[in-house]
Amino acid sequence: MKRLIHGILVAMVLVSPLAAKVYSDKTFLMPRSHNPNLAMEYTTWHKQFALIDDKKFGGTVQATGFYEKSNNKTDLGKYFGVCNYYNGNCIDDFIAVVPYSTSADPKHVTAPFIFHRDYSPSERTLADKLTWRPYRESYGIRLDYHQKLDKFLKGLFFKVSAPIVHVKTSMGWTSSCCKPACTDPCSDPCKTSCSTTCTPGKPYCVKEKLQNADAASNGTAYSLGDYLTGCVKNDFADAKQVALCKAKIHNGVSETGIADIDLILGYNFLYKNEKHFNVNVGLTIPTGNIPDGEWLWEPVVGNGGHWAIGAGLDGHFEIWKDTDKSLDLVFALNYRYLFSSTEKRTFGYKWPAGTGVLPGTPGSRVLYGHWLLIAKTGDTWATPAANYMTKDLKVTPGSQFDGIIQLAFNYENWTFDVGYNLYAKEGESLSLKCDPCETSNTSGSACSTTSGGCNTACAGWEDGKYGIADEVNWDASTPFDPTNAAHIFDAANATIQISDLCLDACTQESVTTHKLYGGIGYGFKEWDYPLMLGLGGSYEFAGDNNALEAWSLWAKIGLTF
């Protein structure tokens, strides 16, 4: 047994990250689901389900109310930010728009890329800076049930877990741009000084009017925030554009549901009150929501709709005892393999061959490309790229590991737990799902839910059909033609090929987190049906910025019968 414990500790060290990595240019984050949470499950309760009493039915149930909130807003801001090749590959946790006539850096986009029009550059004065500070908070009740099946086979048991969760995610975005006259320092997080002409953090945003008459900007004025929340739409034929309806930013959207049901069947090879050891097999039934791509960071209850199977083991050993005091070593390991399923996610893309006016193009990632206006052959409207680039993807999450090791000090009816939790998940595998609708559609509208609306019915991608719309020369009343140099940005036939797509923008890479936790509980052992009360808390550390650092608190009640 000593070798087993040493092996567990060595494995935890080996899978830990050697160095933190900073990810950027992302449109999707899949945080750790609420179901694999051995730390919350085992505190105090391990004393209940490990108790052997042949006079009882053999069942024990617990309900755990909890609250959790992430605590790494700046790191997540970089995750949803961009690696800015305009500015020495500095990772920006914001999106900046500067007037068309200024050369101020770092600029990510200019107004014509998101407001379609064909009037003079002197009217393109949009200026804004939106900073990302994303977070997730959740609360709910975790239900766990453990049933001994000794009547069928001594040591056999069954267990089920089902967290009922309310999840809220937020991009935490704020507008804090500088005056358009400020050329560089205030907008550049890699600089430490600022010119006297610009006050750092001072809100000064310039809205811009949409075009609704030839060569004039006399429509409604909108900000960058209006565009990214899906409020900008123009019905004027020459400059028609549809609203952003995928990958929208927000300051709070939520989802409520059951974060999957986990079923376990196990057998105790060692089965005594002072010690036990078992192996088990498990099945995860997806019951939460499936990502649909409407929001840049959408709330997900559960693991995103993936079935999983796996195996595990757990045990406890009383390593010291003195009259009414004892010390237990408790450990548990769960492995799951999550199968592939279909999710809608928003991917990115590179500047296609033929473009050459920007640094590093062609072949460089388009900064915030999912928000630029593009068009498809036959379209008579410009469309935010995310509307077309939010597609059905085959997502295979793969392996997931959740393990704990803890010490439990028992004094009379009191239990004090302190432990460590390792969570690890391998990187996802993604691929586009094809749909005959894409290859049969040539009009550009047949696959849309509404003419000029969000393209949500189709998957796959057609080469030679999509291009970045030329904001000046393409009159949107004329069907989009990617072979026409006046329709497509920079060069005729510079279309977005499937080879230009960046699925890594919506891929969850491998994750490793470390959690420290503790709990205190009291058991009314003398009762005919022993009652358990407990409190606990934890803090989870993330090695990279593609996972949540979060703290949580919980209170639980359990009953044995």
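Before moving on, here are some points about what is shown:
- The aspartates and glutamates within cross-link reach of Lys556, meaning a Cα-to-Cα straight distance under 16 Å and a gap of 8 or more places when in the same chain, are Glu41, Glu68, Asp144, Asp417.
- Computed E for Leu531/Thr229 - FRET, C-beta separation, R0 51 angstrom, nearest 0.05: 0.55
- Across the range 301-311, computed HN-Hα scalar couplings (Karplus, 6.51 cos²θ - 1.76 cosθ + 1.60, θ = phi - 60°) run 9, x, 9, x, x, 10, 5, 8, 10, x, 8 Hz from first to last residue, x flagging Gly and Pro.
- Cβ crowding within 10 Å averaged over residues, with 510-517, 424-431, 319-326 ranked highest first: 510-517, 424-431, 319-326
- Given Lys129/Lys394; Lys129/Lys376; Lys73/Lys207; Lys55/Lys425; Lys148/Lys344; Lys207/Lys350, the pairs whose alpha carbons are separated by over 32 Å: Lys129/Lys394; Lys55/Lys425; Lys148/Lys344
- Reducing the range 313-332 and the range 60-89 to their Cα centroids gives an inter-centroid distance of 36 Å.
- Under a 5 Å amide H cut-off, with hydrogens placed 1.01 Å from N, Ile261 pairs with Ile285, Thr287 among residues at least 5 apart or on other chains.
- Applying 1/(1 + (r/R0)^6) with R0 = 35 Å to the Cβ-Cβ distance of Phe541 and Asp475 gives a FRET efficiency near 0.05.
- Per-residue 3J(HN,Hα) values for the range 511-527, derived from phi via the Karplus relation 6.51 cos²θ - 1.76 cosθ + 1.60 with θ = phi - 60°, read 10, 9, 10, 10, 10, 9, 8, x, x, 9, x, 9, x, 8, 5, 6, 5 Hz in sequence order (x marks Gly and Pro).
- Between Ile141 and Lys207, the FRET efficiency estimated from the beta carbon spacing at R0 = 35 angstrom works out to 0.20.
- Net charge, Asn410 excluded, C-beta distance under 12 Å - Lys, Arg +1, Asp, Glu -1: -3
Values in this text are rule-based calculations from the coordinates and carry no lab data. All of these numbers come straight from a predicted model, not from anything done at the bench. No Cβ is skipped: glycine too gets one built from the backbone with ideal geometry, and neighbour counts run over all protein chains shown.
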